[in-house]
Structures are given as structure tokens and as C-alpha cells.
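Read through the structure below, which is laid out as C-alpha cells, and then see the notes.
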Amino acid sequence: MTGLVLLSPGLTALVYGLSAVGEEGAAGPVAIGAGAVLLAAYGRHALRVGHRGERAPLIDLRLFARRGFAVATANSFLQGAVLYSSMFLVPLYYQQVEHAGAVAAGLLLAPQALGTAVTSLLSGRIADRFAPRPLILIGIGCSLLGTLAFTQLGHGAGPADWLVVGSLALRGVGMGITVIPGMAAVYGSVDKAQVPAAAGAVNVLNRLGGALGTAVLTLVLQQAQRAQPSHPGAAFGLTFWWVLALSALSIAPALLYPGSARKAD
């Protein structure tokens, strides 16, 4: 109960603070500070509970001492930031700049979802035969290539429709390739009794990455739109450079995955 009281408000305050940083007043910094204090208190509580051997905390911080788990959660966090922020930015661009309807803008994400679904099934079949590192690096490479076209939004006529659809599908392929090997690395890095806690922690951090990534990139977009009020499309192009940077950042933890097909430590 103590962990829930500390963790949930702490995460909420942190996400709210990041989204409010660009606004006038002290609400943003105050919320970030409050969130940081609550999360620090949760960390102290979680470590104390784990040390006493009591009921496991919501997120067991001791799991991060295992290299395989720490690497997989870091990668999942960054993937969440890239995925969920893009799912917010793409429809928003087509609604604000191209004046598309809400349904049409939402349907643009269908190629990405399809690419993820298909490759998730295929990667599940090959994850046991190949090491996670090359598979995840291939997935990140596909995501990077699929994001490049969106950095050109606002430049001239922008990318052609077929290129947008193809890029979204390629991004989905990249996301799908990384899912199964990443989860396999998580399960292989912990004891059998710790699997439920490990899976829950990875999912929480993936969603947290999505929330924080969306908040930060919304702030970037707002600042870019204020700097170029007559070129709204260019603001989206600049923001997607940040998405590209987040995708590239996920290469660092991916390089720490096992390079052979044996279990992660």
C-alpha cells in the first residue's frame, strides 16, 4: 500500500511537470520536484521492503542488479518513448497541418500496427534460434529508417503519401522485431519466481517511457511552433528529429544484450 501511495502520485507529478514546463508559472518545476521526492521515497521503501524479505514491492529495484534485466528495461523504456510519442505526433500533424479528419488521421497508424503484428509473430519463431542483440539492432535500424521521412515534414511538399505509409510500416516492423527478443532476455535474466515481478516492471517502465517521451516531445513541439508560427509543418519535422535521436539512443542498451543465443545473465 505504501509503495502504491508513493509510486503512482510520483509518476503522475513527474509527467505533469514535464508537460507544464513550457507554461508560465511555477507549476511545472514544483510538480517535477514533488514527483522526484515521491519517487526517491518509493526507492527507499522498495529497497527496505526487499531487504526485510517482506511482500515484494510494486517494482522490485533489486532486479536492476541483474544486467540482462537492466538492459531490457532500459531498452523497453526508450522504445515506449519512441512508439507512443510518434502515435501522438503523426495524427496531430495531419489534423493540424494537413487538415485531415480525426478518423483519417487515426487510420494512418494502421500500417505501423500491421507491421508490428506481423513481425511480432515471425520474431517469436526465430528468437530462440538467434541471439537477441542482432535482432534488436535490426529492429532499431528499421525504426530509424522509418522515422527519417517524418523529419522532412514542413520542407517543401513534404514526403509523398506512399513514403509515409511505407515508413510507418517499416517503423512497425522494427518495433515488432524487438518485442519478443527483449522479453526473452528479461525472462532469461531472472529466477522463475521473479518472472511475474520482472514482466510487470518492464511493462510499467515501457508505459512510463511513453508518457515521459510524449510529454517531452510535446514541449519540444510547442517551443518549435512558437519559434516558427508561420511554418507549423517545420515544427513537426524538427520534433521528429528528437524522435530519431531517442531511437538512436536505444542502440546503447541494445549493444549490451547477449551476442550469443545462450541465456542472458
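The values are calculated or read from the model by the stated rules, or taken from the named source; none is laboratory data. Note that the coordinates shown come from a computational prediction; the quantities given were computed from them, not determined experimentally. Backbone-built Cβ (ideal geometry, glycine too); neighbour counts: all protein chains shown.
Quick notes on this structure:
- Segments classed as helices (runs of 4 or more DSSP H), wholly inside region 183-265, with at least 2 members that are over 14 Å from the mean Cα position of the chain (by Cα), surrounded by fewer than 22 Cβ atoms within 10 Å (Cβ to Cβ) and not basic (Lys, Arg): 195-227, 232-249
- Any hit, region 121-128, residues being in a helix (DSSP H, G or I) and within 17 Å of Phe236 (Cα to Cα): no
- Gln112 being in a helix (DSSP H, G or I), surrounded by 15 or more Cβ atoms within 10 Å (Cβ to Cβ) and touching a residue at least 60 places away in the same chain (Cβ under 8 Å): yes
- Residue match in region 165-188 (condition: at negative phi and in contact with an Asp or Glu (Cβ under 9 Å, 6 or more places away or on another chain)): yes
- Filter pass, Ala215 being in contact (Cβ under 8 Å) with a residue 60 or more places away in the chain and touching a His at 6+ places or on another chain (Cβ under 8 Å): no
- Close Cβ contacts (under 7 Å, 6 or more residues apart or on different chains) running from residues in region 28-47 that are among the hydroxyl-bearing types (Ser, Thr, Tyr) to residues that are part of a helix (DSSP H, G or I) comprise Tyr42/Gly3; Tyr42/Leu6; Tyr42/Leu7; Tyr42/Gly10.
- Tallying residues that are over 20 Å from Val243 (Cα atoms), aromatic (Phe, Trp, Tyr) and crowded, with 21+ Cβ neighbours inside 10 Å within region 56-77 yields 1.
- Checked across region 78-85, the condition of being surrounded by fewer than 17 Cβ atoms within 10 Å (Cβ to Cβ) and either in the same structural domain as Ala248 (by TED's automatic domain parsing) or within 25 Å of Ala184 (Cα to Cα) (or both) holds for no residue.
- Gly156 fulfils the conditions (1) surrounded by fewer than 18 Cβ atoms within 10 Å (Cβ to Cβ); (2) within 22 Å of Gln225 (Cα to Cα); (3) touching a helix residue (DSSP H, G or I) at 6+ places or on another chain (Cβ under 9 Å) except for a single criterion, (3).
- If the condition is being in a helix (DSSP H, G or I), within 17 Å of Leu7 (Cβ to Cβ) and in contact (Cβ under 8 Å) with a residue 12 or more places away in the chain, then region 55-79 contributes Leu61, Arg62, Leu63, Thr73, Phe77.
- Unique residue being in a helix (DSSP H, G or I) and exposed (fewer than 15 other Cβ atoms within 10 Å of the Cβ) when the list is Ala46, Ala36, Ala31: Ala36
- Within region 180-199, residues that are assigned by TED's automatic domain parsing to the domain that holds Ile140 and of a type in the set (A, V, I, L, M) have Cβ atoms under 7 Å from residues that are crowded, with 18+ Cβ neighbours inside 10 Å and not in a helix (DSSP H, G or I) in these pairs: Ile180/Ala127; Ala184/Ala127; Ala185/Tyr257; Ala185/Ala264; Val190/Arg66; Ala197/Ala56; Ala197/Asp60; Ala198/Val190, counting only partners at least 6 apart in sequence or on another chain.
- In region 154-170 there is at least one residue matching the filter, namely being under 25 Å from Arg133 (Cβ atoms), at pLDDT 85 or above and not polar (S, T, N, Q).
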